[in-house]
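Below is a structure I'd like to ask you about.
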Amino acid sequence: MTARPSLHPRLPSPPGPVKRITTDTEAIAAAHRLASDFAAGASERDRHRILPWDELDRWSASGLGTITVPRAYGGAQVSYSTLAEVFVILNAADSSLGQIPQNHFGLLGVLREIGTDAQKRRFYGEVLAGRRLGNAGPERKADGAATILHSGTRLRATENGLRLTGKRFYSTGALFAHRIPVRAINDEGQAVQVWVPREAPGLTVIDDWDAFGQRTTASGTVVFDEVAVQADDVLPVWQLADRSGLFGPTSQLLQASIDQGIAEAAVADAQRFVHERSRPWVDSGVEHAYDDPYLIADIGRLQMDLHAAREVLRETGTLFDALAAQATISADDSARASVAVAEAKVLTTRIALLASEKLFELAGSSATRAAHNLDRHWRNARVHTLHDPVRWKLHLIGNYRLNGKLPARHSWN
C-alpha cells in the first residue's frame with residue numbers, strides 16, 4: 001500500500017495538559033510506558049499505514065518533548081545519554097513513530113546554539129506547552145539543489161514584509177507539527193532557519209511519502225508559497241558553520257539510536273519466534289529449534305554485535321555529556337564528538353540490517369508469512385540507514401585518525 005497524496009491533511013490538535021518531567025529517571029520511565037503502549041499497534045500501523053496522530057498526542061502529553069529544554073527555561077535538560085536511551089526505547093517499539101520526534105530535538109538544539117533569549121523564551125515556552133516541531137527537509141535534486149546542503153528556498157524582503165518561498169522533501173514530523181522550521185537563503189546569501197507556524201497561509205504539507213519502510217513517518221513534501229514571516233521567527237543558522245558545538249553530532253546520535261532500536265526489536269522478535277513457533281531442522285537431532293547448536297551460536301553472535309553497538313552508543317552519549325559540561329567546546333572537541341558518533345552509526349547500521357535479515361534465517365520460512373509482518377524490521381532498517389551513507393562515516397573516521405582531518409560541520413556529522 002502506498003500513500004495517497006493529500007494536499008489538505010488534518011492539522012495537529014492543540015496540545016492538552018503536559019506532564020512535567022524534571023529528571024533523567026522520569027524521562028526513561030515515561031519512554032518505557034509509551035513504548036509498551038506503542039508496540040502493541042506498531043505492526044498494524046505499518047501494515048495499513050495508519051498515521052500515529054493519537055500516539056503523538058500521547059507523546060506530547062507525556063512530557064517527553066520537553067526533556068532537552070534547558071533548566072533555565074523550565075525544562076529537565078536531560079543528559080545526552082538519556083536522550084539517546086529514550087530514542088532506543090521508543091524505536092524498539094515502533095521505529096516509524098519513534099523517528100518522528102528526531103527533528104523536534106534537533107531543532108531545539110539549534111535554538112539552544114543560536115537563538116536569542118527572547119526566541120528561547122517563546123519557542124521553549126511553546127514546547128513546554130506540548131507543541132511539536134517538524135522540519136521541512138532538503139530539496140530534491142530536480143529542484144535545483146546540488147546537494148542536501150544547498151537550498152533553493154528563499155526568504156526575501158518585500159515591501160509587504162518578509163516572504164518565504166520554496167519546496168522541500170524528506171520532511172519527517174512536519175505533517176504532525178505545530179511549527180515547521182525550514183532552512184532558507186536570505187537576501188544577503190546567508191543561511192537562515194525560519195520557524196513557520198503550521199497554520200500559516202501559503203504553507204502546504206503534502207502527505208506523499210510512499211517508501212517501503214518507515215511508512216508512517218509521513219516524511220513527504222512541504223511547499224512554501226509567499227508565506228509571510230515575522231523577523232523574530234528567523235534564526236541565523238549561517239553562524240553555526242563557524243561555531244564549534246554539538247548540534248550536528250547530536251542529530252547523528254539520534255539517528256544511531258533509531259537504528260539501535262530497530263536492531264533490538266529484530267533480535268527480540270527472532271528469539272521470540274524461535275521459542276514459540278520455529279521447528280528444528282531435520283538433521284539437528286533436537287526436539288526444539290531453540291536447542292539447535294548452530295542457531296544458538298548465531299543468536300550469540302547477534303547478541304554480541306547488538307551489545308557492542310549499544311555500548312559504543314552509550315560511550316558516545318557519555319562523551320557528549322562530558323563535552324557539554326565544559327565551559328567551551330573547541331573545534332577538536334566537536335570533531336571528537338563527530339568521530340565517536342560516526343563509529344556508533346556504523347555499528348548500529350550494521351546490526352540493524354544484519355539482525356532484521358538474519359531474523360528469517362533463524363526463525364524459518366513460517367516467519368515470512370504476511371500475518372506476522374516481521375519484514376517491517378528490515379524495511380525500516382533499510383530505509384532509515386540510507387539517511388547518511390556508512391561509507392562516508394568510515395571515511396570520516398579514517399581521515400580523522402590517519403590524517404588529523406576534522407569533519408565538516410553540519411547535521412550529518
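Just so you know, all these numbers are worked out from the coordinates, no wet-lab data involved. Quantities reported herein were computed from a predicted structural model and do not represent experimental measurements. Note that each Cβ is placed from the backbone with ideal geometry, even for glycine, and that neighbours are counted across all protein chains shown.
Just the C-alpha atoms of the range 244-403: what Rg/Rh do they give, with Rh taken as the Kirkwood radius?
1.10
Could you check which residue among GLU126, GLU276, GLU188 shows the biggest mean-square fluctuation in a GNM of the chain with a 10 Å Cα cutoff?
So, out of GLU126, GLU276, GLU188, the one fluctuating most is GLU188.
For the residues VAL223, VAL78, what sequence is obtained by ranking on other C-beta atoms within 10 Å, fewest first?
Going from sparsest to densest Cβ surroundings: VAL223, VAL78.
If you fit an axis through the alpha-carbon atoms of helix 390-403 and take the longest principal axis of the Cα set of the chain, what angle between them do you get, 0 to 90°, nearest 10?
80 degrees
List VAL127, VAL237, VAL286 from most exposed to least, where exposure is judged by having the fewest other Cβ atoms within 10 Å.
Going from least to most buried by this count: VAL286, VAL237, VAL127.
Under 8 Å for C-alpha pairs, at least 6 residues apart: give me the relative contact order for the chain, rounded to a whole percent.
Computed value for the chain: 18 percent relative contact order.
Over the range 141-237, consider all pairs of different Cα atoms and compute the Kirkwood hydrodynamic radius from their mean reciprocal separation; express it in Å, one decimal. Intermediate values should be presented prior to the final figure.
Numbers: mean 1/r = 0.0724 Å⁻¹.
Here the Kirkwood hydrodynamic radius works out to 13.8 Å.
Between ASN186, THR165, ALA218, whose Cα lies farthest towards the positive end of the dipole of the range 141-237 when Lys and Arg beta carbons carry +1 and Asp and Glu beta carbons carry -1, centred on the Cα centre?
ALA218
Here's another thing I want to ask about it. I need the P(r) histogram for the chain: all alpha carbon pairs, bin width 10 Å from 0 out to the longest distance, whole percents.
The calculated distribution, bin by bin, is 5, 22, 32, 26, 11, 4, 1, 0, 0.
With only Lys, Arg, Asp and Glu charged, each at its Cβ (+1 for the first two, -1 for the last two), find how big the charge dipole of the chain is about the Cα centre; round to the nearest 20 debye.
Magnitude of the dipole: close to 620 debye.
Still on this model: Considering the dipole of the chain built from charges on the beta carbon (Lys and Arg +1, Asp and Glu -1) around the Cα centre, which of THR316, TRP53, ASN380 is farthest to its positive end?
Ranked along the dipole, the leading option is TRP53.
So for the pair ARG71, GLN190, with labels modelled 7 Å out along Cα→Cβ, what separation do we get in nm?
3.3 nm
Rounded to the nearest 0.05, what FRET efficiency do THR204 and GLN326 give with R0 = 30 Å and r taken as the Cβ-Cβ distance? Could you check?
0.10
Continuing with the same structure: If I take the Cα coordinates of the range 24-128 and project them onto the principal axes, what are the three extents in Å, biggest first?
44, 26, 19
May I ask you to list the trypsin sites (Lys or Arg not before Pro) in the range 251-354 that are in a DSSP loop and have at most 16 other Cβ atoms within 10 Å of their Cβ?
Answer by residue number: ARG277.
Loop-only check: which trypsin sites (Lys or Arg not before Pro) in the range 354-386 are DSSP coil with at most 12 other Cβ within 10 angstrom?
Loop-located and lightly packed - ARG369.
Using a basic spin-label model with each label point 7 Å from the Cα along Cα→Cβ, how many nm lie between ASP291 and ASN160?
7.8 nm
Can you put HIS48, HIS104 in order of Cβ neighbours within 10 angstrom, beginning with the fewest?
Details: HIS48 10, HIS104 26.
Going from sparsest to densest Cβ surroundings: HIS48, HIS104.
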